[in-house]
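The values are calculated or read from the model by the stated rules, or taken from the named source; none is laboratory data. A quick note: this is a predicted structure, and the numbers were derived from the prediction, not measured. Here the Cβ is made from the backbone with ideal geometry for all residues, glycine too, and neighbour counts use every protein chain on show. Please note that ligands, DNA and RNA were not included when accessible areas were found on the heavy atoms of the full protein model with its side chains. Shrake-Rupley method; radii C 1.70, N 1.55, O 1.52, S 1.80 Å.
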Amino acid sequence: MKKLFNSLPFRLLAGVVIGILVGLMANEAFMNIIVTVKQLLGELITFCVPLIVIGFIAPSITRLGKNASRMLMVALILAYVSSVGAALVSMVAGFNIIPHLSIVSTAEGLKELPEVIFELSIPQIMSVMSALVFSVLVGLAVTWTKADRTAELLEEFQKIVLEIVTRVIIPILPVFIACTFCALSYEGTITRQLPVFLKVIIIVMIGHYLWMTLLYLIAGAYSGKNPLEVVKHYGPAYITAVGTMSSAATLAVALRCARKSSVLRKDMVDFGIPLFANVHLCGSVLTEVFFVMTVSQILYGSMPSLGTMVLFCVLLGIFAIGAPGVPGGTVMASLGLITGILLFNDTGTALMLTIFALQDSFGTACNVTGDGALTLILTGYADRHGITEKSKNE
């Protein structure tokens with residue numbers, strides 16, 4: 001029993017429940033403290049994300065040796081195909097389901113959160129996308145030049161980052177999640193806004209599970225390995241993603257979960273999971289497509305044409321690869337598509353951002369859990385093409 005209480009999934013679930021209950025009863029003075037703690041912890045987690053990306057992707061690429069460029073291309077293609085596939089499936093579902101729904105368009109104002117007592121800004125050493133590009137270029141350059149000393153330095157840096165994750169990020173995550181849900185409960189998102197689009201959110205969540213199931217079935221068939229051996233370890237990562245609403249902030253837990261799987265190669269985990277956390281956003285894309293169609297039906301009386309939606313889906317897959325893995329990253333990165341291709345006005349954009357925020361946590365959880373399936377495909381690809389796993393000392 002003690003082991004259960006000390007487990008990460010239990011602490012994360014406890015954080016969610018405690019946060020909601022406290023938020024319902026909290027007064028403004030107490031929420032001043034909560035939002036301040038949330039801001040500080042969020043800044044610390046965000047600061048560490050580029051370090052995690054560099055610490056895992058760069059040395060993982062160097063271990064791939066001459067196969068690094070090929071594996072990177074395969075990973076990007078997998079992420080794009082998964083995102084576009086999810087978008088197109090969501091589009092088909094939208095055309096068939098939305099006309100039959102009676103959706104209320106009201107978006108009530110939320111209770112305003114109090115200001116933080118003091119704000120401590122902890123800027124990242126570089127943006128997440130800069131860290132990703134830096135890791136890829138350095139990793140590839142090390143393999144091209146056979147810079148063994150730099151490769152050893154990257155291995156040492158990975159060990160340092162692992163200690164930061166284990167001793168700092170993992171312990172503060174339950175507190176951060178509790179504060180996040182406390183704020184959502186206090187401002188009324190959970191009790192007031194959720195019923196407005198409850199039907200749509202439930203449909204989208206079902207879509208998430210169906211898409212994750214499809215990804216894991218394909219991954220299992222291709223790799224010849226049991227996908228359940230990956231899924232069964234992803235509970236903590238899923239819960240963390242629900243709480244943080246950020247693929248990047250969930251990265252530390254996702255790595256821990258994937259490393260427990262006996263069917264995933266460790267080199268593919270260290271390479272794939274950090275990469276996919278930033279370029280594979282299938283759940284967010286699936287959600288955004290269904291929601292833009294819903295908002296269009298509500299505000300403008302009709303959904304976009306088939307050709308417009310197909311173009312939107314194809315381009316959204318590209319934008320998803322470049323979108324930051326942070327709360328609302330996908331929809332924020334694609335606002336140009338929403339206004340330029342779908343021709344949404346300010347009201348449509350605001351409503352889109354509102355309902356996307358209501359389920360953002362579940363879309364993120366789909367993203368993160370789907371990363372395990374793509375990593376299983378990478379493992380199968382490496383095995384099929386004779387790409388051997390190098391030890392860290394080789």
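Some observations on this one:
- Test result for Lys260, touching a His at 6+ places or on another chain (Cβ under 6 Å) and surrounded by fewer than 23 Cβ atoms within 10 Å (Cβ to Cβ): yes
- 2 or more residues of a type in the set (D, E, K, R): qualifying helices (runs of 4 or more DSSP H) within region 228-330: 251-259, 266-279
- When Leu215 is tested against (1) more than 22 Å from Val161 (Cα to Cα); (2) modelled with pLDDT under 90, only condition (2) is not met.
- Pair list, Cβ < 7 Å and 6+ apart or interchain, from region 303-320 residues that are surrounded by fewer than 17 Cβ atoms within 10 Å (Cβ to Cβ) to residues that are assigned to a helix (DSSP H, G or I): Val314/Val84
- First in region 159-172 and under 15 Å from Thr244 (Cα atoms), second anywhere and open to solvent by less than 50 Å² (accessible area, probe 1.4 Å) and of a type in the set (Gly, Ala, Ser), Cβ under 7 Å, 6 or more apart: Ile169/Ala252; Ile170/Ala252
- Single match in Thr339, Thr364, Thr349 (criterion: open to solvent by 40 Å² or more (accessible area, probe 1.4 Å), out of contact with any His (no Cβ under 6 Å at 6 or more places or on another chain) and either hydrophobic (A, V, I, L, M, F, W, C) or at pLDDT below 90 (or both)): Thr339
- Among the residues of region 197-209, those identified as among the aliphatic types (A, V, I, L, M) and either open to solvent by less than 20 Å² (accessible area, probe 1.4 Å) or modelled with pLDDT of 95 or more (or both) are Val200, Ile201, Val204.
- For region 262-302, the tally of residues that are over 21 Å from the mean Cα position of the chain (by Cα) and under 16 Å from Thr250 (Cα atoms) stands at 0.
- Residues in region 243-296 that are in contact with a helix residue (DSSP H, G or I) (Cβ under 6 Å, 6 or more places away or on another chain), of a type in the set (Ser, Thr, Tyr) and under 19 Å from Arg167 (Cβ atoms): 1 in all.
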